[in-house]
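First up is the structure itself, then whatever we jot down about it.
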Amino acid sequence: MENKFYDEELNEKTLLDPFMLFSKNVVAWVEKNVVDGFVRGTYLGVANIGEVFKRLQTGLVQNYLLLVSFGVILVLAYIIFV
């Protein structure tokens, strides 16, 4: 009765331990390359969009009126030609 569960220890050492090690390595790789890459890419995209909009905000009403005029022309062109 004493040696009844040796097969469980054998399964744990030959199957479970290598699988757990492999799983930890895969999770670490996905975390580093996929998740962190996505977060870094999102940050860069938002930072670049912020730079573009920062240049558009001049504080001059004439520039804002010009941008609105271009927007109206684009919307009308879309409605007329599409």
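Read the figures in this text as sums done on the coordinates, not as results from a lab. Since the model is a prediction, treat every value here as computed from it, not as a measurement. Here Cβ is always computed from backbone atoms with ideal geometry, including for glycine, and neighbour counts include all displayed protein chains.
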Exercise for the section: Give the residues of the stretch 5-28 whose amide nitrogen is closer than 19 Å to a point set 7 Å from the Cα of F38 in the direction of its Cβ. Expected result: 24-28
Handout entry: Structure-derived log10 I(q)/I(0) by the Debye sum over Cα atoms at q = 0.15, 0.24, 0.25, 0.26 Å⁻¹ - corresponding label in [x] -0.47, -1.25, -1.36, -1.46; [y] -0.73, -1.10, -1.13, -1.17; [z] -0.83, -1.07, -1.09, -1.11
Key = [z]
Practice task
Can you pull the one-decimal nm distance between simple spin-label points at F70 and L56, each 7 Å off the Cα toward Cβ?
Solution key: 0.9 nm
Completion exercise
Among V26, V72, V39, the residue with the largest mean-square fluctuation in a Gaussian network model of the chain built from Cα contacts under 10 Å is V72
Problem - GluC sites (Glu not before Pro) within the chain, DSSP loop, no more than 10 other Cβ atoms inside 10 Å - result: E2
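Helix-only mean residue ellipticity at 222 nm, the chain, DSSP H runs n ≥ 4 weighted -39,500 (n - 2.57), per residue, nearest 500. What is it? Intermediate values should be presented prior to the final figure.
Working: 4 runs with 62 residues, N = 82.
One gets -25000 deg cm²/dmol as the mean residue ellipticity at 222 nm.
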